[in-house]
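Report on one structure; see the data block that follows.
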Amino acid sequence: MKNTLIKELKELFRDGRIRLAGGIVILLLGMAVWISSSQYHKIKQQNKISEAHERENWEDQGEKNPHSAAHYGTYAFKPQYPLGFLDKGIEKYAGTSVFMEAHKRNEAQFSPVIDQTGLARFGELSPDFILLFIIPLLIILMGYNSFTKERELGTVSLLKSQGVKSNNILFGKWLSLFLPIIAITLLLFLIAGILLSGLEGFGWGSLFLLLLVYWIYYAVFINITLLTSRLSKSSSIALVVMLSVWIVSCLVVPKATGNIADSKYPYPTRQQFTTSVLVDKEKGLDGHNPWSKEAKKLEQQTLAKYKVDSLAQLPFNYDAFRMQKGEEHEAKVYQKHYQKLRDQFAGQASTYRSLSILSPFLPARFLSMGISRTDYHSHWDFEDATENYRIITQKFLNDNFAKNSSYGDWGYKVDSSFWKDLPKFNYEHPSLNKVLEQQLFSLVILMGWLLISFLLLLTVKNKI
Amino acid sequence: MITTKKITKKYGDFTALDQLSLNVKPGEIYCLLGANGAGKSTTINLVLGFINPTSGEALINGKSVFKNNIETKKDIAYIPENLMLYPTLTAMENLDYFSGIGGQKLKKDQLESLLIQSGLQPEAFYKRTNAFSKGMRQKVGIAIAIAKQAKALLLDEPTSGLDPKASNEFGELLQELKGNGVATLMATHDLFRAKEIATHIGIMKSGKLKQQFTASDISLPQLEKAYLDTMNYKELAK
Ligand SMILES: Nc1ncnc2c1ncn2[C@@H]1O[C@H](COP(=O)(O)OP(=O)(O)OP(=O)(O)O)[C@@H](O)[C@H]1O
Ligand SMILES: [Mg+2]
């Protein structure tokens with residue numbers, strides 16, 4: 001095995017085509033890491049400045065009516081997860097900041113950018129593009145003639161006469177493809193780890209898990225490549241077959257799966273979504289409209305509850321109280337409609353999951369985004385956090401307004417130190433355990449690919 | 001050591017080898033003669049286990065080649081008719097690899113001395129074999145075969161492409177191995193060399209072993225006549 005490994009490595013490194021291709025991949029990878037890391041730091045810097053700026057604006061509001069502040073609003077920024085620099089996932093398309101204001105949950109990007117898998121991502125040079133698309137191509141280039149060349153060179157008869165077990169040769173060849181890929185990716189991930197290790201939220205565990213996922217993905221490609229080389233009559237046939245496998249599993253299946261998922265579980269358009277939210281909002285209480293049916297009902301209930309005759313007799317500012325009740329109703333409406341979006345997403349995700357038995361690319365893609373915290377789960381986790389924070393903020397403002405002023409007292413102002421009491425928005429990315437829970441199925445499918453392709457490779461006998 | 005028992009190989013209706021039986025004992029060199037297509041390579045390939053017989057069996061050291069494919073190969077060294085090497089590896093690296101997978105761990109000076117024994121010119125030892133001539137490749141093949149220190153040697157026209165001097169040296173090498181108790185089965189077209197080095201000679205035609213001689217019992221002209229007679233018989237039959 002070791003003999004074959006060394007011999008294959010020598011052959012690979014002496015092959016000008018492989019050297020060129022390998023050099024290009026390493027160069028691209030280096031460039032991608034460099035571009036991506038400088039972008040990452042730029043965005044991080046910007047976020048930090050904007051965040052500080054926003055908080056400063058918030059704290060420096062001076063003497064002001066709390067509800068004016070609610071309308072004035074503030075931004076929540078999504079902190080970048082360190083690994084996002086290796087796999088940006090949907091972050092390219094989905095927003096990383098949310099405007100939070102009274103009465104309104106600002107829409108996140110739910111436009112159908114779910115199609116993260118097809119040609120759309122082809123144009124950009126990012127580490128995940130190279131890891132997911134280009135390295136499998138390199139594997140194919142390195143391995144397609146691994147067995148066919150022995151026949152074509154004519155070395156096969158001498159090889160067979162040496163009485164070596166075919167599995168020894170197989171494992172030697174297998175390792176000669178795997179080890180260079182391991183070396184390149186390990187180097188990349190170590191560099192990434194060192195670049196990222198100082199950053200908040202960085203964990204070596206996630207980094208190595210991500211690396212492991214890619215290694216499994218590459219092992220699957222190596223298995224399929226060697227299997228094809230074993231079964232093919234000639235190198236050129238093997239190459240054509242493997243390129244077709246690559247096109248189907250990395251481009252066609254993901255694109256087709258995206259289309260199927262979209263047509264089976266379509267997202268509403270932005271307009272449909274806004275309209276249906278508006279309709280439901282109008283069915284309930286509007287905090288600013290004291291004359292509506294719902295508002296009158298609340299008035300009766302409140303008066304009855306506190307056993308008083310007029311709103312002015314209440315121990316708190318009824319205007320602010322009503323405002324908070326309206327806020328709670330609106331939050332519920334948003335909750336309901338966002339849940340619908342999520343149900344569609346769940347449908348799409350299950351379509352992706354069941355079709356990922358067609359291509360090892362899909363589970364690898366989802367695991368990569370999941371572990372990098374740049375998938376839909378993470379994005380929504382962030383959005384939920386901002387919505388929670390928005391609700392807390394509104395309650396913080398309305399409660400103060402209700403408690404410290406009386407009915408009709410719209411001139412009430414809090415003093416300038418009040419704003420600091422609002423806790424800062426502090427978002428933490430989902431834990432690795434949570435990610436694994438969400439991605440368990442992808443992990444199982446990917447392992448399934450590994451196991452089955454490996455068993456096939458071992459059972460299919462050729463003459464060597 | 002090398003035995004075939006009524007071995008037959010058919011390709012469809014065509015019988016390439018017909019109930020061929022022969023036995024090569026340790027210390028013997030058996031030369032198979034015969035026209036192109038007579039079935040010499042087929043015999044050797046069957047003994048190597050590269051192809052399966054239609055009936056009969058081949059044995060190495062008493063063990064069936066088909067049942068103990070890997071095991072029997074430990075005892076065999078083989079030089080094919082047209083020996084091919086890895087063109088991007090040097091002669092040394094090729095030798096190192098093939099002897100390595102054959103179970104031999106050899107040091108640099110051991111490898112070098114094997115190549116010297118094979119007659120390859122020293123300036124070619126560390127050159128990639130892509131520009132090697134057929135004879136040079138054949139010499140590396142000889143080194144690979146010696147390295148294995150096998151008890152049975154299967155040679156399919158090993159000297160084709162060798163210059164007379166190298167061919168002569170190869171003959172001497174075979175004599176030396178014979179002295180060490182190696183059994184050799186060699187297919188060849190070279191009657192002269194066959195007579196010179198063989199202990200036994202068989203003449204094949206159309207998959208059959210037509211005549212067998214003990215080399216010492218027959219002179220070169222007699223061998224030549226026997227060979228031509230066997231061949232002409234075919235012409236007459238036509
Ligand atoms: N795979 C095959 N399919 C069909 N016929 C075959 C096959 N291999 C060999 N033959 C036939 O078997 C016969 C014997 O071939 P073989 O190679 O043993 O001849 P040979 O004696 O080695 O000839 P040469 O001196 O040219 O090397 C030939 O007629 C050949 O055409
Ligand atoms: Mg032949």
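The values are calculated or read from the model by the stated rules, or taken from the named source; none is laboratory data. The structure displayed is predicted, hence computed values, not measured ones. Note that each Cβ is placed from the backbone with ideal geometry, even for glycine, and that neighbours are counted across all protein chains shown. Surface accessibility is based on the protein's heavy atoms, side chains included, excluding ligands, DNA and RNA. Shrake-Rupley method; radii C 1.70, N 1.55, O 1.52, S 1.80 Å.
Quick rundown of the values:
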read-out	value
Computed Kirkwood radius, in angstrom, where 1/r is averaged over Cα pairs of segment B:158-238	13.9
FRET E, pair A:Lys461, B:Lys134, Förster distance 35 Å, beta-carbon r, rounded to 0.05	0.65
Spacing of the two label points (7 Å from each Cα toward its C-beta) at A:Ser310 and A:Glu428, in nm	5.1
Within straight-line cross-link reach of A:Lys264, aspartates and glutamates at Cα separation under 18 Å, skipping those fewer than 8 residues along the same chain	A:Asp115, A:Asp343
Order of exposure, largest accessible area first, which applies to A:Arg230, A:Arg270, A:Arg342 with probe 1.4 Å	A:Arg270, A:Arg342, A:Arg230
Å² of accessible area per residue within segment A:2-463, as computed with a 1.4 Å probe and no ligands counted	45
Whole-percent carbon and sulfur share, accessible surface of chain A, 1.4 Å	62
Nitroxide proxy distance, nm - points 7 Å out along Cα→Cβ at A:Ser263 and A:Asn404	5.9
Inter-chain Cβ neighbour average for residues B:82-92, partner chain, 10 Å	4
Separation in nanometres of the label points that stand 7 Å from Cα toward Cβ, at B:Glu172 and A:Met447	6.5
Computed Kirkwood radius, in angstrom, where 1/r is averaged over Cα pairs of the protein assembly as shown	31.7
Radius of gyration and maximum dimension Dmax of segment A:250-351, Cα, Å	21.1, 71
Number of partner chain Cβ atoms within 10 Å, mean per residue of B:4-13	0
Accessible-area ranking of B:Ser160, A:Ser372, largest first, probe 1.4 Å	B:Ser160, A:Ser372
Probe 1.4 Å - accessible area at A:Tyr72, Å² to nearest ten	110
Ranked order, A:Thr185, B:Thr88, A:Thr269 - accessible area, probe 1.4 Å, largest first	A:Thr269, B:Thr88, A:Thr185
Accessible area of A:Trp449 in the full protein assembly, 1.4 Å probe (Å², nearest 10)	60
Efficiency of FRET from Cβ geometry, A:Glu56 and A:Leu199, R₀ 22 Å, rounded to 0.05	0.40
Accessible surface of segment B:86-217 [probe 1.4 Å, protein heavy atoms]: carbon and sulfur percent	50
Inter-chain Cβ neighbour average for residues A:146-157, partner chain, 10 Å	3
Shape category assigned to segment B:17-88 from the gyration tensor of Cα positions, a/c cut at 1.5	rounded
Rg followed by Dmax, in Å, when chain B is reduced to its Cα trace	17.8, 57
R0 of 51 Å, Cβ-Cβ distance A:Glu299-A:Ile247: FRET efficiency to nearest 0.05	0.15
Accessible area buried at the B-A interface, both sides summed, 1.4 Å probe (Å², nearest 100)	2200
DSSP H segments from chain A that extend 30 Å or more along their own axis, Cα-based, with Kyte-Doolittle mean of -1.0 or above	A:16-59, A:166-196, A:204-231, A:432-459
Qualifying trypsin sites (Lys or Arg not before Pro) in segment B:98-197, DSSP loop, other Cβ atoms within 10 Å at most 15	B:Lys105, B:Lys107, B:Lys127
Alpha-carbon centroids, segment A:297-360 and segment A:1-69: separation in whole Å	38
Shape call, segment A:200-257: gyration tensor on alpha carbons, a/c limit 1.5	oblate
